[in-house]
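First the structure, in the form of structure tokens, and then the observations on it.
The values are calculated or read from the model by the stated rules, or taken from the named source; none is laboratory data. Computed from a predicted structure; not experimentally measured. Every residue, glycine among them, receives a Cβ derived from its backbone with ideal geometry; neighbour counts consider all protein chains shown.
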Amino acid sequence: MLTRVHNGLLIAVTTITAIVVPVHVVLGTFSEAAYTRFDWVVTILFIADFLINLRSETAAKARGAMPVVLTTRARVAWFLLDLLAAIPFHLLVPGAALLQLVRLLKLARVGQLMEIGKRRAAEHWTAVRLWFFVYWTVLSVHWLACGWFALHAERSDYIEALYWTVQTLTTVGYGDIPPISGPERIYAMLVMILGIGVYGFLIGNVASILNRIDPAQTHYQENKQRLEVFMKNRNIPQRLQRRIRDFNTYVWEKRLGYDETTVLAGLPPGLHKEVMLFLKKDVIEKVPMFHGASMELISDLALQLRPVVFTPGEYLFKAGDQGQEMYFITRGAVDIVARDGETVYATLTAGDFFGEIALFTHKPRTASARSMSYCDMYALDTPSFERVLERHPAFAAQMAEKTRERQERGS
Ligand code: CMP
């Protein structure tokens, strides 16, 4: 929280400084007294920031936990930068106006915060990138306008300089404010070249920015297109095509187009385990049998459960099949159907489990399981099942009890 306030304040003060200092240097709009007061405030805030950075770094080092791993050279560079930006040149060397621009070095801190922000807000990647682009563009236009104002012989006001900058930068260039002297022309050429660069950047990035508005959506669309081409090339029957499409849409709607197993595959084991626990905690808690289960059992299960989706009417397995895994339902309904294919022993819903008998007894499935709607489930395969039972005897006994009940009920 405190860091947020600190960073917010830093960005605000640095941005205001980046706007006000060039205006004062070039246009001299503010009265000397007002500007001096402003300079004092900025000096105090920048010194405070410098000291806080120094302190938090020493404190982090003492704790043995550096917030960011920086090379010594980078640390010295940031130290010098913070120090230089905090020096009140306006008060110390009143004559040297340009020296005041040293304050703008502090913008490097804003850039650093933006980098961190970009990494943190990966899901809003595009919006964040656009905002940063707008931020730097507005500041650059302001500086270029100040530069033009300083150079232009027939200067009138800031708005005119801004107008000239925008039209030159956007390659519009009406020519109503022509550069006259040599330096003005050179400056104009530089701004034009910069304009082409900005234009090129925009054209090159708009497509990719629009495309990446939502990486999950892109992923879904790509997958969908691939499926469409595949189904067409292989002449898949219409009925099956429809089911495939429905399934795809369901997966997209419910899971945001990502299968947790693939997305999380690259994480280090500790972090992976924590995420799995978080994701599966709800499912595990929904299953009555797990109420009051030890944390160990829950985390064991969280690591072993594999997410699966079944479509309406689909048979997960038929009576007499060999059993490879058991299932925990998170969403949807499953009918347990007798060998005759008609008698329904039970309709199981979220929080129920099934398919455990075959794993216990090493005998074929006692009944068939048919999903009645789209079903989200977690599957537990035989080796994991056996490992869990072995390590958690109380849980094994409970499950055996439930199995006995089911077997007695006549499947
Ligand atoms: P399994 O025999 O491996 O495969 C079919 C599954 O259906 C079985 O394990 C049980 O989990 C479940 N099942 C069988 N009979 C019943 C029943 N009467 N009520 C609820 N579930 C059952």
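Do we have G355 as over 21 Å from E296 (Cβ atoms), modelled with pLDDT of 90 or more, within 39 Å of the chain's Cα centre (by Cα) and within 11 Å of the ligand (Cβ to nearest atom) here? In short, yes. Considering only residues that are more than 13 Å from the ligand (Cβ to nearest atom) and either over 13 Å from G313 (Cβ atoms) or out of contact with any strand residue (DSSP E or B) (no Cβ under 8 Å at 6 or more places or on another chain) (or both), which ones fall in the range 328-341? Once the filter is applied, which keeps residues that are more than 13 Å from the ligand (Cβ to nearest atom) and either over 13 Å from G313 (Cβ atoms) or out of contact with any strand residue (DSSP E or B) (no Cβ under 8 Å at 6 or more places or on another chain) (or both), the range 328-341 yields T330, R331, D340. Taking each residue of the range 321-332 that is touching a residue at least 60 places away in the same chain (Cβ under 8 Å) and looking for partners that are more than 9 Å from the ligand (Cβ to nearest atom) and assigned to a loop (DSSP other than H, G, I, E, B) with beta-carbon atoms closer than 7 Å, six or more apart or interchain, yields R331/A350.
For I177, the conditions (1) within 18 Å of P22 (Cα to Cα); (2) crowded, with 17+ Cβ neighbours inside 10 Å all hold with the exception of (1).
Of the residues making up the range 362-376, those that are crowded, with 17+ Cβ neighbours inside 10 Å, within 12 Å of the ligand (Cβ to nearest atom) and farther than 23 Å from Q398 by Cβ are S368, R370.
To keep it simple, each residue is scored yes or no on (1) within 30 Å of E253 (Cβ to Cβ); (2) touching a residue at least 24 places away in the same chain (Cβ under 8 Å); (3) away from the ligand (no atom under 11 Å from the Cβ); (4) among the β-branched types (V, I, T).
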residue	(1), (2), (3), (4)
T343	no, no, no, yes
F360	no, yes, no, no
Y378	yes, yes, yes, no
S384	yes, yes, yes, no
H392	no, yes, yes, no
Q398	no, yes, yes, no
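Restricting attention to the range 70-85, does a residue exist that is outside any helix (DSSP H, G or I), under 25 Å from T58 (Cβ atoms) and not basic (K, R)? Within the range 70-85, one or more residues are outside any helix (DSSP H, G or I), under 25 Å from T58 (Cβ atoms) and not basic (K, R). If the condition is being outside any loop (DSSP other than H, G, I, E, B) and within 21 Å of A396 (Cβ to Cβ), then the range 257-293 contributes K280, V283, I284, E285, K286, P288, M289, F290. Within the range 294-308, is there a residue that is buried (at least 17 other Cβ atoms within 10 Å of the Cβ), more than 10 Å from the ligand (Cβ to nearest atom) and part of a loop (DSSP other than H, G, I, E, B)? Taking every residue of the range 294-308 in turn, at least one turns out to be buried (at least 17 other Cβ atoms within 10 Å of the Cβ), more than 10 Å from the ligand (Cβ to nearest atom) and part of a loop (DSSP other than H, G, I, E, B). Taken over the range 371-411, the criterion of being of a type in the set (S, T, Y) and within 19 Å of I336 (Cβ to Cβ) is satisfied by S371, S373, Y374, Y378, T403, S411. Report yes if V134 is under 26 Å from T43 (Cβ atoms) and either within 36 Å of the chain's Cα centre (by Cα) or at pLDDT below 90 (or both), otherwise no. Considered against the rule, which asks whether it is under 26 Å from T43 (Cβ atoms) and either within 36 Å of the chain's Cα centre (by Cα) or at pLDDT below 90 (or both), V134 comes out as no. In the range 94-191, counting only helices (runs of 4 or more DSSP H) that sit wholly within it, the ones holding 1 or more residues that are free of Cβ contacts under 8 Å to residues at least 40 places away in the same chain and among the charged types (D, E, K, R) span 107-120, 158-169.
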